[in-house]
Amino acid sequence: MSQGSLRASVVKLPVELAQDDSWRMESVLSKYENQITIFTEYLEEYPNTDELVWILGKQHLLKTEKSKLLSDISARLWFTYRRKFSPIGGTGPSSDAGWGCMLRCGQMMLAQALICRHLGRDWSWEKQKEQPKEYQRILQCFLDRKDCCYSIHQMAQMGVGEGKSIGEWFGPNTVAQVLKKLALFDEWNSLAVYVSMDNTVVIEDIKKMCRVLPLSADTPGDRPPDSLTASNQSKGTSAYCPAWKPLLLIVPLRLGINQINPVYVDAFKECFKMPQSLGALGGKPNNAYYFIGFLGDELIFLDPHTTQTFVDTEENGTVNDQTFHCLQSPQRMNILNLDPSVALGFFCKEEKDFDNWCSLVQKEILKENLRMFELVQKHPSHWPPFIPPAKPEVTTTGAEFIDSNEQLEELDLEEDFEILSV
């Protein structure tokens with residue numbers, strides 16, 4: 001099929017047959033769904049090359065491991081536009097088609113962190129195969145219901161506190177701030193979410209946030225001294241025995257003015273090679289993708305721009321997950337076509353994972369003359385003091401707490417900031 005006839009097949013969707021508002025809405029939503037289906041069927045096949053493909057810290061030899069590569073990609077949780085869920089806020093939209101793509105990408109990045117947290121990076125998914133109970137519990141965190149901690153409802157309403165109206169498109173930094181706040185109510189996963197400021201990651205602040213005392217400690221309210229290292233913990237030389245709260249590290253960046261500066265390309269690609277990699281949020285203006293790897297100078301991404309019907313838990317308490325995995329060949333785009341506003345994601349389950357990440361950054365990122373971001377040991381003296389975020393003192397659950405927009409201001413944990421342009 002030629003490109004012209006392919007476009008025609010999309011353009012001639014029967015919008016004109018809509019007879020009333022409900023039919024017109026269904027037709028518009030069907031356009032999103034059908035468009036992605038049509039284009040995906042005609043994606044160019046991966047080239048027959050000896051090049052390595054990198055997917056979230058793992059490498060695949062394309063020539064001999066294509067099925068393994070596609071299996072690895074299909075195992076990622078895939079969140080897309082949905083329709084026919086309960087109206088957000090009670091009277092808001094019942095579909096996120098056309099505006100929720102960056103929120104869905106944020107869900108995908110966070111879901112990958114939770115998979116690594118509970119199942120490990122090497123966990124694989126197979127269609128119709130029974131999965132661990134942790135997998136089902138992770139999936140239920142993202143269902144489109146207001147009582148699910150990372151639902152489209154919670155993210156959209158928490159975005160109000162970031163200056164975004166419900167139904168308004170989010171940027172990568174806004175999604176990062178929303179996830180950081182919602183994670184405070186998620187006791188099961190118990191993540192520490194750090195969003196870097198002004199292109200700078202501060203080691204001291206992260207260790208202050210992630211080092212926590214076990215519940216059995218005599219003084220649970222105290223924090224161990226910053227001088228405590230992983231080595232003397234293992235040797236038992238300190239009275240403190242801090243645990244490490246699993247870290248979701250998000251680094252929002254601006255890698256150019258109107259387009260990505262080519263000087264950052266190599267460093268950007270290096271991030272996908274790191275074993276801590278959760279990929280990147282980005283895309284084009286008002287058109288977000290979840291980038292999970294690269295082949296040569298092409299980025300590989302999962303695309304949320306297809307509209308599926310809301311899926312809820314079944315009578316036995318499980319979720320039918322068939323629409324939460326992309327079984328088609330993933331899409332690619334040239335890295336130079338990427339909008340310069342992005343957010344990198346990393347997951348460090350243990351302190352040694354974070355220490356290893358710091359070493360990789362110093363070796364691969366900080367060697368560049370024009371650095372993609374900075375990694376510093378101490379909290380900058382001209383910054384406000386770092387206070388680890390804490391769950392607000394409320395008597396309700398997180399879902400109930402943010403069900404009222406009037407209460408969102410209480411979650412303003414720190415001052416807003418603008419990412420510095422390069």
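Please treat every number below as a calculation from the coordinates, not as lab data. Worth saying up front: this structure is predicted, and the values here are computed from it rather than measured. Note that each Cβ is placed from the backbone with ideal geometry, even for glycine, and that neighbours are counted across all protein chains shown.
General remarks:
- Distance violations [Cα-Cα > 26 Å] among 180/352; 181/367; 284/367: 181/367; 284/367
- Two-site label geometry, residue 243 and residue 350: point separation in nm, points 7 Å out along Cα→Cβ: 1.5 nm
- Fully extending the segment from residue 52 to residue 91 would add 9.2 nm, taking 0.36 nm per residue of separation and subtracting the current Cα-Cα distance.
- Region 129-146 - phi-based ³J(HN,Hα) in whole Hz, Karplus 6.51/-1.76/1.60, Gly and Pro as x: 8, 5, 10, x, 4, 4, 4, 4, 5, 4, 4, 5, 5, 10, 5, 7, 9, 5
- Separation of the residue 370 and residue 128 label points, Cα + 7 Å toward Cβ, nm: 5.3 nm
- The order of the peptides 111-121, 353-363, 163-173 by mean Cβ neighbours within 10 Å, most packed first, is 111-121, 163-173, 353-363.
- For region 121-182, the relative contact order comes to 21 percent (Cα pairs under 8 Å, sequence separation of at least 6).
- Added length on full extension, which subtracts the Cα-Cα distance from 0.36 nm per residue, residue 287 to residue 204: 26.4 nm
- Fully extending the segment from residue 334 to residue 378, taken as 0.36 nm per residue of separation minus the present Cα-Cα distance, adds 12.2 nm.
- Taken as Cα centroids, region 49-113 and region 176-199 sit 19 Å apart, rounded to the nearest whole angstrom.
- Here the dipole of region 122-203 is about 160 debye; that uses its Cα centre as origin and unit charges on the Cβ of Lys and Arg (positive) and Asp and Glu (negative).
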